[in-house]
Amino acid sequence: MKVRVLLLLLAGLLGFACATAFAASPSLGGIQPRGGTRGATDVVLTFSGARLADAQEVLVYYPGITVKKLEVVNDTTLKVTVDIAPDARLGDHAFRVRTASGISDLRTFWVGALPTVQEVEPNTEFDKAQPIPLNSTVIGVVDNEDVDYFAVDCKKGQRLSVEVEGMRLGVTFFDPYVAIIDSKRFEMAIGDDSPSTRQDSGGSVVIPADGKYVVQIRESAFGGNGSCQYRLHVGTFPRPTGVVPAGGKPGEEVELTFLGDPSGPIKQKVKLPAVADPNFRIHCQTAEGVHPSGLGFRVIDLPGVVESGANNTPATATAGVAPGAFHGVVAKAGETDYFKFPAKKGQVFDVRVFARQLGSPLDPVLNVSVVGGPAIGGNDDSGGPDSYLRITAPDDKEIAVAVGDHLQKGGPDHFYRVEVTPVQASVATLIPRVDGNNPANQERQTISVPKGNRTAVLLQANRADFGGPLVMGLEKLPPGVTAAAEPMDAGQGVVPVVFEAKADAALGGFLTPITATHADGKTVIARRTTFDAVFSVGQNNTPYTRHYFDRTAVAVTDAAPFKIDVVEPKVPVVQNGSYALKVKATRAEGFKGAITVFPLFTPPGMGIQGSATIPAEATETILAVNSAPNAGPRKWKTAVTAVSDAGKGPVWVSSQLFTLEVAPPPVTLTAERPAVEQGASTQLFCKVAVAAPFEGKAKVKVLGLPAKVTVADLELTKDTKELAFPITADKTSPAGKHGGVFCQIVLEQNGDLITLATGGTELRIDVPIAPKTAAVPTPTPMAQPMPMPMGQPMRRLTRLEQLRLEQEAREKAGTPATPPPAAPPAKKP
């Protein structure tokens with residue numbers, strides 16, 4: 001159910017806005033005061049933000065709050081008058097502002113059961129505690145090193161409970177500490193963090209004697225600042241910290257036992273809601289009041305059983321059925337609780353423990369076995385801090401389930417619920433965050449469709465236990481709006497969806513779930529929509545306070561000052577190829593601003609330039625697209641989004657849904673590895689392989705060459721078998737091996753260009769070898785007389801001996817040998 005109010009703006013104001021300044025997406029920064037009281041009427045809230053002057057409606061997520069009046073104070077402030085129903089749900093409510101130009105961030109407002117009082121300084125000393133009525137909610141602020149004290153009068157036997165909403169308000173990082181102190185300054189109860197209130201705190205005591213008691217609140221590390229606001233509930237209300245059973249069937253009346261209250265267990269019958277709410281909390285209510293925060297509670301159609309109390313051994317296990325639920329308390333240290341249920345061989349069950357998720361201090365450990373037989377499995381933290389296990393029954397026997405605490409702890413409020421269910425197909429749908437580095441950023445997690453224009457989002461589906469394609473969309477669309485999307489493949493988790501509004505579509509919007517249905521139309525899928533709003537973020541962007549909502553917002557807005565279209569590619573982006581995707585803008589008269597375009601979805605195996613700008617007054621730009629060598633051949637649908645500052649803020653639109661096709665290259669080259677000397681020329685030889693015949697000639701360039709190396713461009717046809725590129729290296733081209741050399745082929749088809757890279761190789765550039773210097777002839781040494789044996793007389797050398805000595809001398813000197821003279825002719829007898 002949604003509650004909303006329409007505020008029609010004056011026609012003159014609308015006309016002025018359209019004529020002089022274009023609308024822009026609104027921003028909601030906060031709501032003050034941060035909460036109100038059940039049954040209060042004419043409560044005036046201040047909504048602060050930006051670009052709120054054309055506000056038309058407040059979208060309210062939960063029943064119980066009615067918007068009576070919306071007043072635009074200025075561009076940054078709205079006054080919103082609401083009535084809070086006497087039975088409005090306790091805790092957080094969520095609002096968005098819908099303007100003529102968009103939908104704001106989501107912000108919360110808290111509803112309590114007690115009347116409110118304001119903190120009044122000075123109240124920073126114990127002896128000067130501010131007196132407040134018992135059963136009231138104090139609205140205050142903790143400044144740096146500030147400690148606030150409040151005094152209440154109590155009677156003996158009366159319960160005094162305190163609970164604070166601080167971090168949960170989402171204003172800033174604020175970790176509150178509270179204490180109940182008696183007149184002697186003895187701390188009777190203290191509270192810092194707790195499983196049920198997270199970083200917020202509380203406590204409760206039974207008053208031992210009549211008198212004045214003091215409640216202290218501060219920042220846990222004595223920090224604080226002007227933004228550390230709190231809502232401090234002080235009263236006689238019950239404050240249990242556990243409940244058994246911790247769930248029930250929709251619409252049934254169930255008897256509950258609330259645990260952990262200082263007065264002891266509290267029994268109460270409660271009528272559960274007819275429709276399951278994943279955020280449902282159970283609130284203990286007595287004549288003394290109602291628990292402000294409540295406890296997590298499962299509303300699901302499963303039969304349940306509560307432990308017998310004597311089920312601490314396998315032999316005394318509490319019997320139940322599957323599918324079914326088991327409830328209990330690990331009441332003391334070291335305790336283990338046992339349950340059992342019959343199963344048939346081959347049955348498969350999911351066994352989940354719910355404890356921390358519901359606010360229990362138990363850190364559960366789960367073990368499953370055959371009764372009297374072997375273990376089947378165990379788990380500690382597969383469900384976050386809780387436990388989860390999928391089992392298959394090995395025989396037609398009973399299955400035993402054992403639950404204990406990881407550190408062997410226990411206590412009267414260590415409650416839990418175990419659900420044993422058949423495996424069921426399910427899917428969680430959402431719009432993913434665009435800024436994963438900032439979990440508090442809610443940008444573009446709503447759907448605002450300008451009249452006569454388009455917007456696009458990614459819809460995400462997290463599948464469980466089923467396969468096959470999904471059809472994604474919204475449960476309801478505004479009149480005049482259509483959605484275009486391809487089915488989401490079995491292996492995909494996101495799909496781009498383009499929403500388009502007719503030019504005469506009426507302004508308006510609402511909250512609606514994101515749908516995901518199996519493409520076969522037969523498979524039943526349990527579906528839920530999740531919007532994760534993070535309001536308190538600490539160090540390292542750690543989220544401390546999160547709120548989950550089951551709907552997203554969609555609206556038709558004023559016309560945008562520009563529209564974009566993608567020129568549909570007429571050729572595929574081939575593997576290891578690239579493409580220049582042209583984006584064109586159509587501008588409204590008078591709008592000249594720059595437009596930035598972004599790819600919405602990049603198909604697997606492809607890359608798309610992160611952004612590009614259409615300059616002021618220009619009408620087009622290019623987004624570079626490429627495909628990996630191993631990208632799978634297929635057609636993909638995607639879109640391009642665009643944003644521009646229309647004079648006072650961002651305006652987003654999108655292109656149509658268009659096709660990017662990945663295909664094998666029609667032609668490839670295999671290149672040899674050439675080598676060339678500096679100052680010389682060579683050739684790069686490439687073999688040509690044509691996979692798909694084509695018409696005309698393709699241009700081929702060699703790219704990636706080192707400096708001062710030139711090469712001629714060539715052409716090829718479908719009949720070309722080999723190419724030889726003449727390459728010339730300059731005398732100063734760098735020597736060495738140069739990788740990254742490849743060929744680029746540009747082929748025209750259907751009036752469009754296919755561009756691909758192929759023929760990767762390397763070029764080696766050598767330094768020329770220095771030329772050898774000519775040898776200078778060595779003079780022929782004079783022949784030395786042959787040594788004579790000692791004691792022998794000297795004699796003259798014969799002519800043959802002289803020639804032999806000269807020849808040996810030349811050989812040693814490297815001088816060419818002189819041929820011996822020809823022998824004289826023989827004399828005639």
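When A94, A88 are checked against the criterion of being in a strand (DSSP E or B) and either touching a residue at least 60 places away in the same chain (Cβ under 8 Å) or in contact with a Pro (Cβ under 9 Å, 6 or more places away or on another chain) (or both), a single residue qualifies: A94. Note on the stretch 506-530: residues that are more than 23 Å from V60 (Cβ to Cβ) and not in a strand (DSSP E or B) total 7. Taking the conditions exactly as written (surrounded by fewer than 18 Cβ atoms within 10 Å (Cβ to Cβ), outside any loop (DSSP other than H, G, I, E, B), of a type outside the set (S, T, N, Q) and touching a Phe, Trp or Tyr at 6+ places or on another chain (Cβ under 9 Å)), does I190 satisfy them or not? Yes, satisfied.
Of the strands (runs of 3 or more DSSP E) entirely within the stretch 281-394, those holding at least 1 residues that are within 21 Å of L407 (Cα to Cα) occupy 324-329, 337-342, 348-354, 364-370, 375-379, 388-392.
Filter the stretch 410-427 down to the residues that are farther than 30 Å from P262 by Cβ and crowded, with 20+ Cβ neighbours inside 10 Å, then identify the one that is modelled with the lowest pLDDT. This residue is V427. If you go through the stretch 657-679 and keep only what is in contact with a strand residue (DSSP E or B) (Cβ under 6 Å, 6 or more places away or on another chain), in a loop (DSSP other than H, G, I, E, B) and crowded, with 16+ Cβ neighbours inside 10 Å, you end up with L657, P665, P674, Q678.
Every residue in the stretch 605-615 that is loosely packed, with under 14 Cβ neighbours inside 10 Å and either modelled with pLDDT under 95 or β-branched (V, I, T) (or both), please. Once the filter is applied, which keeps residues that are loosely packed, with under 14 Cβ neighbours inside 10 Å and either modelled with pLDDT under 95 or β-branched (V, I, T) (or both), the stretch 605-615 yields only T613.
Inside the stretch 608-656, residues that are of a type in the set (A, V, I, L, M, F, W, C), within 15 Å of A456 (Cβ to Cβ) and part of a strand (DSSP E or B) make up a count of 9. When each of A343, A319, A333 is tested for being at pLDDT 95 or above and either in contact with a helix residue (DSSP H, G or I) (Cβ under 9 Å, 6 or more places away or on another chain) or buried (at least 16 other Cβ atoms within 10 Å of the Cβ) (or both), the lone residue that passes is A343.
The residue that is surrounded by the fewest Cβ atoms within 10 Å (Cβ to Cβ), among those in the stretch 690-705 that are of a type in the set (D, E, K, R) and over 13 Å from L756 (Cβ atoms), is E695. Name the one entry in P86, P133 that is modelled with pLDDT of 95 or more, closer than 29 Å to D182 by Cβ and of a type outside the set (V, I, T). When all the criteria are applied, what remains is P133. Pairs meeting the criteria (first residue in the stretch 354-376 and not assigned by TED's automatic domain parsing to the domain that holds I282, second residue surrounded by fewer than 19 Cβ atoms within 10 Å (Cβ to Cβ), beta carbons under 8 Å, at least 6 apart or on different chains) are lacking.
Scanning for something touching a residue at least 60 places away in the same chain (Cβ under 8 Å), outside any loop (DSSP other than H, G, I, E, B), crowded, with 24+ Cβ neighbours inside 10 Å and touching a Cys at 6+ places or on another chain (Cβ under 7 Å), does the stretch 150-170 turn up at least one residue? Taking every residue of the stretch 150-170 in turn, at least one turns out to be touching a residue at least 60 places away in the same chain (Cβ under 8 Å), outside any loop (DSSP other than H, G, I, E, B), crowded, with 24+ Cβ neighbours inside 10 Å and touching a Cys at 6+ places or on another chain (Cβ under 7 Å). Can we say A425 is touching a residue at least 24 places away in the same chain (Cβ under 8 Å) and closer than 27 Å to D386 by Cβ? Here the answer is yes, as A425 does meet what is asked. In the stretch 219-238, the qualifying residues are those that are assigned to a strand (DSSP E or B) and closer than 17 Å to V120 by Cβ, and the one that is farthest from the chain's Cα centre (by Cα) is V234. Filtering R390, R417, R444 for residues that are more than 18 Å from T318 (Cβ to Cβ), among the basic types (K, R) and outside the structural domain of R551 (by TED's automatic domain parsing) leaves a single hit, R390. Scanning the stretch 484-505 for residues that are surrounded by fewer than 19 Cβ atoms within 10 Å (Cβ to Cβ) and assigned to a strand (DSSP E or B) yields A484, V494. The criterion of being over 30 Å from D200 (Cα atoms) and among the β-branched types (V, I, T) does not hold for T446. Tell me yes or no: at least one residue of the stretch 556-576 is under 29 Å from I300 (Cβ atoms), surrounded by fewer than 19 Cβ atoms within 10 Å (Cβ to Cβ) and either touching a residue at least 24 places away in the same chain (Cβ under 8 Å) or assigned by TED's automatic domain parsing to the domain that holds V643 (or both). There is no residue in the stretch 556-576 that is under 29 Å from I300 (Cβ atoms), surrounded by fewer than 19 Cβ atoms within 10 Å (Cβ to Cβ) and either touching a residue at least 24 places away in the same chain (Cβ under 8 Å) or assigned by TED's automatic domain parsing to the domain that holds V643 (or both).
The values are calculated or read from the model by the stated rules, or taken from the named source; none is laboratory data. Quick caveat, the model's predicted, so the values are computed rather than measured. Note that each Cβ is placed from the backbone with ideal geometry, even for glycine, and that neighbours are counted across all protein chains shown.
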